[in-house]
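So the structure is just underneath, and the comments pick up after that.
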Amino acid sequence: MKKPFWIALLLGALQGLIHNIGHPVTPAMVTSLGIPDFMFGVFFASMAAGMTLGGFFFGALGDTFEKRKLIFWGLLVYSLGQLGFGVLENMIWMSIARFIGGFGVAGIVTLLISYMIENSPKDRRATNLAILSATITLFASIGYKLGGWLSSVNWMITLFHTDNYQNVFVVLAIWNFFFAFLVLWILKEPKTHDSVKRVNPLRALKGIKDADPSMVIFLFAVMFISIGSINLGKYIDVYFNTLGYSPSQLGTFVMVTGFVSIFASLVLVPLIIKFKRELFVMMLIQVLSVGLVLISFHSSPFLTLMYTVYLVYVALRAIYAPYEQNFLSDFAKEGQMSLVMGIRQSFLSFGMIIGPIAGGLIYEISPTLVFDVSAGMFLIGFLLFLMVFYRQKRKQKAEI
């Protein structure tokens with residue numbers, strides 16, 4: 001494959017690895033600082049709010065300016081935010097730091113996907129996106145495990161002083177700082193990018209009002225599904241802690257989910273992608289996800305279900321992601337791929353705001369109720385996908 005593909009995979013791997021080492025220690029750090037459990041959701045929502053704004057910002061600029069420079073500055077801002085979250089001990093300032101970090105990380109989260117799409121032949125887009133998604137997920141899982149090791153392995157504690165959980169975020173910020181310079185050095189722009197250099201990003205952003213209604217409905221479906229999947233991902237962390245499992249055990253479980261995701265992306269996606277009915281596949285995944293989630297959190301024993309039934313859900317999520325990104329890319333007009341991916345990221349991130357805040361309140365009532373609500377979000381996503389499906393059917397008949 002072409003060099004840009006491998007560059008995107010390398011950057012995706014490092015992003016997943018570095019950006020996730022703080023997650024397994026976050027619940028324990030929040031608890032050790034005497035901060036109420038509901039603030040866990042607020043912190044995550046603050047970061048998501050930054051990503052919502054950052055998605056629009058970097059998406060609009062990504063079709064106009066060099067992606068490598070935008071990602072570089074975004075990563076520096078992200079380092080600042082993560083450093084602040086680690087060293088500050090005030091809930092308000094920590095929330096502000098999370099917002100800053102979310103705004104910055106939106107650069108690479110948004111633009112790396114559009115970079116991969118722009119550098120992939122149309123018939124390879126979904127497969128390449130699946131490989132990128134699997135790579136990020138796999139290394140994110142390894143990052144979880146690394147974060148667990150940083151706080152529990154003696155020689156790492158001696159080297160980085162990570163028996164204090166706050167120092168894990170200092171390590172993250174420093175590693176991410178060097179990652180930013182690596183992006184500036186190795187990321188190359190596609191040759192076709194020059195043809196859209198003169199596009200006004202603000203004017204492009206105003207063009208959202210003229211978007212295809214089917215795209216808007218699809219984006220709302222993506223948002224609701226984001227609420228469900230984010231609450232599952234984040235509150236499993238808290239649930240492990242609530243049930244008395246260690247950060248290391250959580251890190252091991254998340255690492256296994258990474259291996260499952262990469263298996264699904266590398267083996268299952270190339271097989272299923274030949275089945276061209278994208279919306280049908282995405283709708284089927286939502287329906288199956290509802291059942292799998294309800295079974296996983298309403299049966300026992302917990303760990304057995306996590307390593308069996310829940311891993312089937314993880315595999316379906318890995319299949320869904322490239323289908324969703326590829327389907328949405330077809331709505332992008334020439335020179336607006338980064339803008340569309342930025343809008344997508346903003347809808348995803350808005351779901352990440354609503355989800356953790358509501359999830360935190362629901363978790364206080366009943367931990368398992370959070371996961372039931374997540375299943376409900378997947379059901380809403382299915383219904384909205386169904387609306388898009390019928391709209392497209394009517395459009396096809398009208399064209400005929």
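What distance in nm separates the simple spin-label points at residue 214 and residue 272, each placed 7 Å from Cα in the Cβ direction?
Taking the simple label geometry, residue 214 and residue 272 are separated by 2.1 nm.
At a temperature of 4 °C and a viscosity of 1.567 mPa s, determine how fast the stretch 358-400 diffuses translationally according to Stokes-Einstein, using the Kirkwood radius over alpha-carbon pairs as Rh; express D in µm²/s, rounded to the nearest whole number.
So the translational diffusion coefficient is about 104 µm²/s.
Quick check: the distance between the Cα centres of the stretch 275-290 and the stretch 90-117, to the nearest angstrom?
Their Cα centres are 29 Å away from one another.
I want to verify a result. In a Gaussian network model of the chain, Cα cutoff 10 Å, which of these has the top mean-square fluctuation: 127, 308, 137?
308
Would you work out if the chain is rounded, prolate or oblate? Take a ≥ b ≥ c from the square roots of the eigenvalues of the alpha-carbon gyration tensor; rounded if a/c is under 1.5, else prolate when a/b is larger than b/c, oblate otherwise.
Here the chain falls in the oblate category.
Can you compute the charge dipole magnitude of the stretch 7-126 about its Cα centre, using +1 on each Lys and Arg Cβ and -1 on each Asp and Glu Cβ, nothing else charged? Give it in debye, rounded to the nearest 20.
300
Principal axis extents for the stretch 209-297, Cα atoms only, whole Å, descending order, please.
For the stretch 209-297, the Cα spread along each principal axis is 49, 33, 24 Å.
If you rank 399, 278, 334 by fewest surrounding Cβ atoms within 10 Å, what's the result?
Neighbour counts put them in this order, fewest first: 399, 334, 278.
Within the stretch 276-300, what residues put their amide N at less than 16 Å from the label point 7 Å along the Cα-to-Cβ vector of residue 393?
277-284
At residue 155 and residue 10, where each label point lies 7 Å from the Cα along Cα→Cβ, what is the point-to-point distance in nanometres?
With each label placed 7 Å out from Cα toward Cβ, I get 2.7 nm.
How far, in nm, would the chain grow between residue 361 and residue 284 when pulled straight, counting 0.36 nm per residue and subtracting the alpha carbon separation?
Result for the pair: 24.7 nm of gain on full extension.
If I stretch the segment between residue 295 and residue 122 completely, what's the gain in nm (0.36 nm per residue apart, minus their alpha carbon distance), one decimal?
58.5 nm
Taking the Cα centre of the stretch 242-400 as origin, work out the dipole magnitude from +1 charges on Lys and Arg Cβ and -1 charges on Asp and Glu Cβ, in debye rounded to 20.
My answer is approximately 640 debye.
Can you list which of the DSSP-assigned H helices in the chain have a Cα extent of 15 Å or more along the long axis and an average Kyte-Doolittle score of at least 1.0?
Length and hydropathy pass: 3-18, 38-62, 91-118, 166-186, 213-242, 247-263, 278-297, 337-365.
Cut-off 20 Å, label point 7 angstrom out along Cα-to-Cβ of residue 89: give me the residues of the stretch 37-52 whose amide nitrogen falls inside.
37-40, 43
How many lysine pairs does the stretch 1-158 hold where the Cα atoms are under 23 Å apart and the two sit 8 or more places apart or on different chains?
7
Let me know the charge dipole size of the chain about its Cα centre in debye, to the nearest 20, where only the beta-carbon of Lys, Arg (+1) and Asp, Glu (-1) is charged.
Here the chain has a charge dipole of around 1440 debye.
Could you sort 98-109, 146-157 so that the peptide with the highest average Cβ count within 10 Å comes first and the rest follow in order?
98-109, 146-157
Once you have a ≥ b ≥ c as the square roots of the Cα gyration tensor eigenvalues for the stretch 261-368, tell me rounded if a/c is under 1.5, and otherwise prolate or oblate according to whether a/b is larger than b/c.
oblate
Where a number appears in this text, it was derived from the coordinates with a stated rule and is not lab data. For clarity, every value in this text was computed on a predicted model and none was experimentally measured. Cβ: placed from backbone, ideal geometry, glycine included. Neighbour counts: every protein chain shown.
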